[in-house]
Amino acid sequence: MTFTIPNLLSLLRMGLIPLFVIMVMNGDAPKALLIFVVAGVTDALDGFIARFWKQQSLLGAYLDPMADKLLLTTAYVVLSIPSLNHGGAQIPPWVTILVIARDVLIVVAALVLHLAAGVRKFPPSVLSKINTILQVVAVALVLVSGAFPSLRSVELAADATLYLVAGLTVASGLYYVYLYTYRAIRQEKKTEGLSDTRV
């Protein structure tokens, strides 16, 4: 197995997660924001390099989303702990619970469908992509509001974005349940059709 530059960038993004947590715990919002921005740049770079220089790999297909999800989940958890609030906006714990619960629901549903109906592909929906973008924007705004507490408008924007994230998280989660159920039914009918043909 060969490591490509995109794979290394994904690993670097994972390595930045402990530093991010340390900066948040130390109340150093500017450095936490810088680390989050650097992680975002590595995310953009690994995707660009993989496509432009054709360095896509099976390992990268797992590493990239794993790194993104680990960073986002960690950010939501640490930024929702009241004792770590050092000024600016804070992510409400209930929003973090919704975000994590949705991801767990999707993973469990995908696993059940794979085992029960043989469904292997689970492409992200447009709603899910928008939700992910908003999640990233919300974290960035929370960090900016902590780094620059005097910017009251940023804190208000962060609060508004977090409510949007909560709404889209619920909506995209319900959509995935519907979509996966539909695929399971379609796969079952397809299997029954093949069985009838063989008979």
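The values are calculated or read from the model by the stated rules, or taken from the named source; none is laboratory data. Predicted, not measured: the structure shown is a model, and the values here were computed from it. Note that we place each Cβ from the backbone using ideal geometry, even for glycine, and neighbour counts take in every protein chain shown.
What to note about this one:
- Residue check for A184: of a type in the set (G, A, S) and modelled with pLDDT of 75 or more: no
- Residues of the range 4-54 that turn out to be farther than 23 Å from L79 by Cβ, surrounded by 13 or more Cβ atoms within 10 Å (Cβ to Cβ) and of a type outside the set (S, T, N, Q), as a count: 10
- Residue within the range 45-67 that is touching a helix residue (DSSP H, G or I) at 6+ places or on another chain (Cβ under 6 Å), of a type in the set (F, W, Y) and assigned to a helix (DSSP H, G or I) present: no
- Boolean, V108 is modelled with pLDDT under 90, not in a helix (DSSP H, G or I) and not polar (S, T, N, Q): no
- Filter pass, S80 being free of Cβ contacts under 8 Å to residues at least 40 places away in the same chain, surrounded by 14 or more Cβ atoms within 10 Å (Cβ to Cβ), small (G, A, S) and farther than 15 Å from P18 by Cα: yes
- Every condition in (1) in a helix (DSSP H, G or I); (2) modelled with pLDDT under 95 is met by L16 except one, and the failing one is (2).
- When residues of the range 32-81 are limited to those that are of a type in the set (S, T, N, Q) and modelled with pLDDT under 90, the one farthest from T96 (Cα to Cα): Q55
- The range 55-73 - residue that is within 19 Å of A32 (Cβ to Cβ) and surrounded by fewer than 16 Cβ atoms within 10 Å (Cβ to Cβ) and, of those, nearest to the chain's Cα centre (by Cα): K69
- In the range 19-52, the residues that are free of Cβ contacts under 8 Å to residues at least 12 places away in the same chain and over 17 Å from the mean Cα position of the chain (by Cα): I22, N26, D28, K31, L34, F48, R51, F52
- Filtered by the rule that a residue be part of a helix (DSSP H, G or I) and of a type in the set (S, T, N, Q), the range 111-133 gives S128, N131, T132.
- Test result for P93, in contact with a Ser or Thr (Cβ under 6 Å, 6 or more places away or on another chain), outside the structural domain of L70 (by TED's automatic domain parsing) and loosely packed, with under 14 Cβ neighbours inside 10 Å: yes
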